[in-house]
1. Within the stretch 293-313, identify whether any single residue is within 30 Å of Asp179 (Cβ to Cβ), β-branched (Val, Ile, Thr), more than 17 Å from the chain's Cα centre (by Cα) and surrounded by fewer than 19 Cβ atoms within 10 Å (Cβ to Cβ), and answer yes or no.
2. Looking at the stretch 155-195, which of its residues are surrounded by fewer than 16 Cβ atoms within 10 Å (Cβ to Cβ), outside any helix (DSSP H, G or I), over 21 Å from the mean Cα position of the chain (by Cα) and polar (S, T, N, Q)?
3. When you check Ala302 against the structure, is it of a type in the set (A, V, I, L, M, F, W, C) and touching a strand residue (DSSP E or B) at 6+ places or on another chain (Cβ under 8 Å), yes or no?
4. So which residues in the stretch 319-334 are surrounded by fewer than 16 Cβ atoms within 10 Å (Cβ to Cβ), within 28 Å of Val175 (Cα to Cα) and either polar (S, T, N, Q) or touching a residue at least 40 places away in the same chain (Cβ under 8 Å) (or both)?
Amino acid sequence: MDELRTVRDAYGEPAPPTMTEIAQARALWEEKTPRRFRLGRPFGIGLGLVAAGAAAAVAIAATGQGASDAPGSPKAPGNIDLGRQAVLAAATKAEQVPIGRYWYTDRVSGQSYIVRSKSGAPYAIAGAATEMFGWQGVKAGMGEMYYDRDLPARPLTAQDAAVWRKDGSPSRFRVWSGDHHATYTTKATKWRSDVQGTGLDPKGGGSFSLGLSARELQDLPTDAAALARRFLDENGTSKHARLLQGLARYRPQVLPNMKIQAVMALLSAPTPPKVRAGLIRALAAQPGVHAIGRVTDPMGRAGVALAADPQPVTDGGQGSYGARFVIVFDERSGALLSMQRELATPGGLYRTQKPGFVIYYDAFRASGWSDGRPKPPAGLPFPAR
């Protein structure tokens with residue numbers, strides 16, 4: 001495969017890449033064929049795994065700048081302390097949890113839209129929301145299976161919910177989505193299963209992010225510099241470095257975004273605690289990536305975050321705004337909470353919103369090891385407004 005040509009063809013000239021283009025490049029990075037596209041994102045366990053709970057890895061402490069006024073609102077950079085004692089403490093806890101037979105993850109994604117009420121007052125909703133649940137065996141031939149369901153469209157905040165109720169609590173929302181109108185409802189669908197259209201794949205399993213096996217993930221270096229050379233250095237010689245080289249040549253401004261997504265992919269797999277610590281250190285040291293202190297993720301959880309430099313976006317003739325990619329970690333355990341695209345400079349469709357408004361997100365509800373084949377949860381991830 002000619003990665004340079006692939007990137008050039010995917011990204012073109014000169015507008016910032018769309019979510020579909022980023023998903024296609026991410027699929028190349030993952031070395032996997034996208035199984036299902038929703039909102040321009042491939043649905044596959046390699047893109048959305050996160051080790052949470054007792055198996056979460058490093059401890060992160062944000063210091064120096066205090067909390068933000070809004071999730072991810074631009075302020076002077078904070079510091080992230082990944083001290084040796086915190087890493088060792090988290091590693092000790094993780095080592096007490098044995099590797100199981102099946103790795104599972106529960107991931108929620110969505111897009112924010114602005115709706116005009118009958119009175120003309122705008123309010124924001126979370127639409128195009130999907131929950132994705134998947135599991136795969138620790139070894140090839142143990143099988144893998146994926147489920148997804150549509151989640152209810154809902155007012156984004158309590159303030160948005162108040163405007164929505166004054167508008168008669170409509171159950172359908174017609175919104176502008178990229179280059180077309182779309183309609184979302186306040187009803188959820190039942191779980192669907194889909195692996196290349198066949199349901200259970202009995203031959204699957206054993207291959208996680210970047211095509212690495214569980215053993216290969218365990219054998220990754222723990223040193224931040226070594227991990228950066230392998231996965232984040234556009235001057236390297238690996239296949240992944242060639243993808244970054246193409247981005248550096250044709251789209252240098254999105255290089256920090258892709259590095260955030262590369263680390264998300266690696267943290268989403270069952271990687272060891274010290275490797276996770278090294279990956280977060282490596283990402284924090286990358287040009288164009290900055291610590292932004294404490295934030296709140298789209299599921300209402302407190303975390304600390306790294307953000308890429310903002311990029312200008314022109315949205316289908318609706319106007320321009322600035323946005324940035326943000327990756328959020330649990331401060332106590334170091335678990336990956338979310339990766340999101342946030343508003344940096346209001347304008348266009350988001351001219352009524354404040355910096356920190358979450359435009360798009362992938363949030364990780366739960367994951368871990370199981371000795372039996374896991375089942376997706378019945379309950380919805382968000383309470384009713």
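1. Within the stretch 293-313, none of the residues are within 30 Å of Asp179 (Cβ to Cβ), β-branched (Val, Ile, Thr), more than 17 Å from the chain's Cα centre (by Cα) and surrounded by fewer than 19 Cβ atoms within 10 Å (Cβ to Cβ).
2. Listed by number, the residues that qualify are Ser169, Ser171, Thr183, Thr185, Thr189, Ser193.
3. Values: of a type in the set (A, V, I, L, M, F, W, C): yes; touching a strand residue (DSSP E or B) at 6+ places or on another chain (Cβ under 8 Å): yes.
Considered against the rule, which asks whether it is of a type in the set (A, V, I, L, M, F, W, C) and touching a strand residue (DSSP E or B) at 6+ places or on another chain (Cβ under 8 Å), Ala302 comes out as yes.
4. Going residue by residue through the stretch 319-334, those that are surrounded by fewer than 16 Cβ atoms within 10 Å (Cβ to Cβ) are 319-320, 332.
Within this subset, residues satisfying the condition of being within 28 Å of Val175 (Cα to Cα) are 319-320.
Correct list: Ser320 only.
Read-outs: derived from the displayed coordinates by stated rules, not from any lab. Model, not experiment: these values are computed from the prediction. In this analysis, Cβ positions are derived from the backbone assuming ideal geometry, glycine residues included, and neighbour counts consider all displayed protein chains.
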